Structures are given as C-alpha cells and as structure tokens.
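Values quoted throughout were computed directly from the atomic coordinates according to the rules given, and no laboratory measurement underlies them. Not measured: the values here are computed from a predicted model. Don't worry about glycine lacking a Cβ; one is built from the backbone with ideal geometry, like all the others, and counts go over all protein chains shown.
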Amino acid sequence: MSGLDQIDLKIVAELMRDATQTVAQVADKVGLSQTPCWKRIQKLEASGVLIQRVAIADPEKLGLGLAVFVAVEAPDHTTEWRESFMRVVAGMPEVLEVYRMAGEMDYLLRVAMPDMPAFDHFYRRLTEALPLRNVTSHFAMERMKFTTAYPLETRNCARR
C-alpha cells in the first residue's frame, strides 16, 4: 500500500514486534497521542495492512519440531487441478504455508510435523489425494533465524 507514511510504518513495526502492547504504549513509541494512534491502527486494519494479531508459539515445545519444505511439481497447470490442489492442502492443518513458485517447482509447502513417521503419513495422504508430477521433501536440521516481522526500515532505503 503506497499510502503509508513514516508514522504508519512505525505503528506497523511496533505491532509486528509485539502486538500485546496497549495503544498508549504504541502511541508513545511512535510519537502520537492515543486517539490519533488508535485511529491509524483502525485504518491499517480496515485497509488490510494489518491482517490479524496472533501469538507465536515454539514448535519444539508443541511437539512439532520437524520442519519440512515440500516442493511439488504439478502434472498440468489447469484451473481445475490448481483448485483441487488448494482444496487438498487447505484441509491439511500441518501445512502452514503454500507458495506458487516460478522455476523448477510449481508449489512450495512449509509443513510442521512431530516426527518422520507422521511426515510419512502426511506424504502418503498428499500423494494419494490428487495426481502430482513430482514431490521433493527437504528437512530442516536447524532453524537459524525466524521472524514474522517484515523489514520496514529497509523499505524506503531500497527506493533511493
């Protein structure tokens, strides 16, 4: 959204860092009083810049420490196949993210699993649900960096 000013970006950055902050805390950090800050937050939510506020959990502590990236090649690129694929993955809660890709793979899935037998079960469900040309799985050995906050401070630097 191109209509965001520096104050909006600061508000978004603060909420991405910690969405549990009160409006007063956010307002103080971005240099506004509470009412204008609250109005801006409401506007950011209404315009779809702020989608939702969530808690981020540790997958290891939830017993879902096996992160798998699954590359899928489609057998064809019809609307019907794509819609069927999206219905299948939407019904699999283990699939956290799905991206349509350019390049060698058509789709990339990020999947959270408790262990290898559970992944094998997931793999069988996926490959039996609809025709696939190829499925390649990559297992993360260590999560070295993780964030859900976008790098807003680099947004304006890239335009210069």
- Message: Taking the Cα centre as origin and putting +1 on Lys and Arg beta-carbons and -1 on Asp and Glu beta-carbons, what dipole magnitude results for the chain, to the nearest 20 debye?
- Response: 660
- Taking only the alpha-carbon atoms of the chain, what semi-axes of the equivalent ellipsoid follow from 5 times the gyration tensor eigenvalues under a square root, in whole Å, largest first? 37, 19, 15
- In the stretch 12-95, which GluC sites (Glu not before Pro) are in a loop and have at most 14 other Cβ atoms within 10 Å, using DSSP for the loop call? GLU60
- Count charges around LEU44 for me, please; just the other residues with Cβ under 14 Å from its Cβ, Lys/Arg as +1, Asp/Glu as -1. +1
- Query: Taking the C-alpha atoms of the stretch 6-55, how large are the radius of gyration and the largest Cα-Cα span, Dmax, in Å?
  - Reply: 9.7, 26
- Item | Cβ-Cβ FRET estimate between GLU142 and GLU104, R0 fixed at 30 Å, reported to 0.05 | 0.75
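Summing +1 for each Lys or Arg and -1 for each Asp or Glu, what net charge is found among the other residues whose Cβ lies under 9 Å from the Cβ of ARG133? Intermediate results must be reported in sequence, preceding the final value.
Numbers: positive: none; negative: GLU73, ASP76, ASP106.
Computed value for this residue: -3.
When a/c is below 1.5 the answer is rounded, else prolate if a/b is larger than b/c, else oblate, so apply that to the stretch 33-120 with a ≥ b ≥ c taken from the square roots of the Cα gyration tensor eigenvalues. Spell out each step's value before the answer.
Details: a/c = 3.13, a/b = 1.50, b/c = 2.08.
Verdict is oblate for the stretch 33-120.
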